[in-house]
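Notes follow the structure.
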């Protein structure tokens, strides 16, 4: 993931340079006559806007309380069956110049009576200053796809509401819309919940409770 972000950043810089030297704006609309260079003022403005979008801001600082080492309790809710509760740990740290939080999780996943298997997950969380949205990704040792989500965190709120899709191959159901909800309980506790919006706005199927070590 870090390699991919680095590549995208390099691509972004190359794109800006190409725009400056080609005389085109981000929308690929010519400035003045064909082939005419943007004025020095226009070039400076373009670079300032791009540099501003690159720098972490106050929205990123709001993520600081999530950094730390945690004991986690994962609960899976299955209709008609008792919840499956698993225990593990999570480590959350800043990466890439405090632009993103990276989480690494290790859990012994309960799969049924007397059945456990290792579960390892890696997630990234950040704030997209271009789209004005908090964004997240999640990949794990029990999937071959990457979950993506985007949402908002209103001022003075303790809840981040992300939205994204989830596939359920066993049920042959794909692109199921979900609400991924992060709630800050206190300085040392937060929880991550998944709600299946196809069933109802409060139909919870998954929860991870984080307790700071």
Residue that is surrounded by the most Cβ atoms within 10 Å (Cβ to Cβ), among those in the range 156-176 that are part of a strand (DSSP E or B) and modelled with pLDDT under 95: 166
Can you tell me how many residues within the range 104-127 are free of Cβ contacts under 8 Å to residues at least 24 places away in the same chain and within 14 Å of residue 67 (Cβ to Cβ)? 2
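Sort through 144, 89, 125 and tell me the only one that's assigned to a strand (DSSP E or B) and surrounded by fewer than 17 Cβ atoms within 10 Å (Cβ to Cβ).
Checking each option against the conditions leaves just 89.
Could you say which residue among 130, 137, 73 is under 18 Å from residue 191 (Cβ atoms) and touching a residue at least 60 places away in the same chain (Cβ under 8 Å)?
Going through 130, 137, 73 in turn, the sole match is 73.
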Extreme residue, farthest from the chain's Cα centre (by Cα), among residues of the range 194-205 that are under 26 Å from residue 68 (Cβ atoms) and crowded, with 18+ Cβ neighbours inside 10 Å: 195
Considering only residues that are surrounded by 14 or more Cβ atoms within 10 Å (Cβ to Cβ) and not in a helix (DSSP H, G or I), look in the range 17-37 and name the one that is modelled with the highest pLDDT. 31
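Would you tally the residues in the range 92-114 being surrounded by fewer than 17 Cβ atoms within 10 Å (Cβ to Cβ) and either at positive phi or touching a strand residue (DSSP E or B) at 6+ places or on another chain (Cβ under 9 Å) (or both)? Steps first, please.
Here is the first cut: in the range 92-114, the residues surrounded by fewer than 17 Cβ atoms within 10 Å (Cβ to Cβ) are 93-98, 104, 106, 108, 111-114.
This time we only want the ones that are either at positive phi or touching a strand residue (DSSP E or B) at 6+ places or on another chain (Cβ under 9 Å) (or both), so: 93-98, 104, 106, 108, 111-112, 114.
Going through the range 92-114 one residue at a time, the tally reaches 12.
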Touching a strand residue (DSSP E or B) at 6+ places or on another chain (Cβ under 7 Å), under 30 Å from residue 53 (Cα atoms) and either at pLDDT 95 or above or in a strand (DSSP E or B) (or both), is that true of residue 134? yes
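Among the residues in the range 165-185, are any touching a helix residue (DSSP H, G or I) at 6+ places or on another chain (Cβ under 8 Å) and either in the same structural domain as residue 99 (by TED's automatic domain parsing) or farther than 19 Å from residue 207 by Cβ (or both)?
yes
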Within the range 177-206, count every residue that is part of a loop (DSSP other than H, G, I, E, B) and closer than 21 Å to residue 135 by Cα. 2
Residues in the range 38-72 that are under 21 Å from the mean Cα position of the chain (by Cα) and surrounded by fewer than 16 Cβ atoms within 10 Å (Cβ to Cβ): how many? 15
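The values are calculated or read from the model by the stated rules, or taken from the named source; none is laboratory data. The shown structure was predicted, so the numbers you read here are calculated from the model rather than taken from an experiment. No Cβ is skipped: glycine too gets one built from the backbone with ideal geometry, and neighbour counts run over all protein chains shown.
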